[in-house]
Amino acid sequence: MRIDANSDVPDPISARTTRARHQAAEMRNEIESKIPELQRALENVPVVRPEKVAAAKALVQDPSYPGEETLGKVAGLLAQHMKPEE
């Protein structure tokens with residue numbers, strides 16, 4: 001008795017693996033092609049935002065900041081969340 005391996009029938013596992021490898025390679029190529037653009041964008045991001053630093057400095061120097069109402073609200077929140085010592 002002779003058994004043929006049906007060599008003309010594609011192996012579904014091999015086909016899936018090959019397709020997955022091809023898709024992974026395409027994704028890797030797409031990502032790698034964007035790396036230089038991302039690096040340039042990262043190099044152009046300012047380390048410090050001067051306008052925010054200036055605004056913070058102005059607030060620190062203002063003796064009326066934060067206002068009494070804000071301080072009262074913060075104190076109330078803290079008091080609500082305090083737990084008695086056990």
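Bear in mind that the values in this text are calculations on the coordinates, not laboratory data. In this text the structure is predicted, and so the values were computed from the model without any measurement. Glycine gets a Cβ as well: all are built from the backbone with ideal geometry, and neighbour counts include every protein chain shown.
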- Distance between modelled label sites at residue 79 and residue 35, nm, 7 Å Cα→Cβ extension: 5.9
- Using 7 Å Cα-to-Cβ label points, what is the residue 47/residue 22 separation (nm, one decimal)? 4.8
